[in-house]
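Notes to accompany the following structure.
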């Protein structure tokens, strides 16, 4: 059995960013962690070829600056005392919990605020 790559490749990110740029018709500012694909030489070349793209990298191990970290923490706490018997049951529960979070604007704003970073429109 051949298992393909599950994450985005550099080319996948380039296509996504190009499509977003075309649809938004303006510059894009991107904040990235240090995932190997984000920090690769190939990605650096793709970024350099797009003058409309500005990329800020989070410092290594900056989980406190990454608003997704409290999302996972919240999710894990919500699953702590539940028992599921199969991966399918667990998967369904995780998807349901994430979907519920998606509609709780105050909760999501709190995740962003927990970073202490200033958020506002780019002018």
Requested in this report: For region 47-74, name all the residues that are in a loop (DSSP other than H, G, I, E, B), modelled with pLDDT under 85 and out of contact with any helix residue (DSSP H, G or I) (no Cβ under 9 Å at 6 or more places or on another chain).
Outcome: 60, 61, 62, 66
Report summary line: For region 80-95, the count of residues that are surrounded by 10 or more Cβ atoms within 10 Å (Cβ to Cβ) and either on the phi > 0 side of the Ramachandran plot or at pLDDT 85 or above (or both) equals 7
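Could you tell me which of the residues 77, 25 is on the phi > 0 side of the Ramachandran plot and more than 17 Å from the chain's Cα centre (by Cα)?
Numbers: 77 fails: on the phi > 0 side of the Ramachandran plot.
Answer to the check: 25.
Specify which of the listed residues (77, 15) is in a helix (DSSP H, G or I), closer than 23 Å to residue 109 by Cα and free of Cβ contacts under 8 Å to residues at least 40 places away in the same chain. Step through it out loud before you land on a result.
On the way: 15 fails: closer than 23 Å to residue 109 by Cα.
Of 77, 15, the one residue that is in a helix (DSSP H, G or I), closer than 23 Å to residue 109 by Cα and free of Cβ contacts under 8 Å to residues at least 40 places away in the same chain is 77.
The values are calculated or read from the model by the stated rules, or taken from the named source; none is laboratory data. Everything quoted here is computed from the prediction, not taken from an experiment. Reconstructed Cβ throughout: ideal geometry from the backbone, glycine too, with neighbour counts over all protein chains shown.
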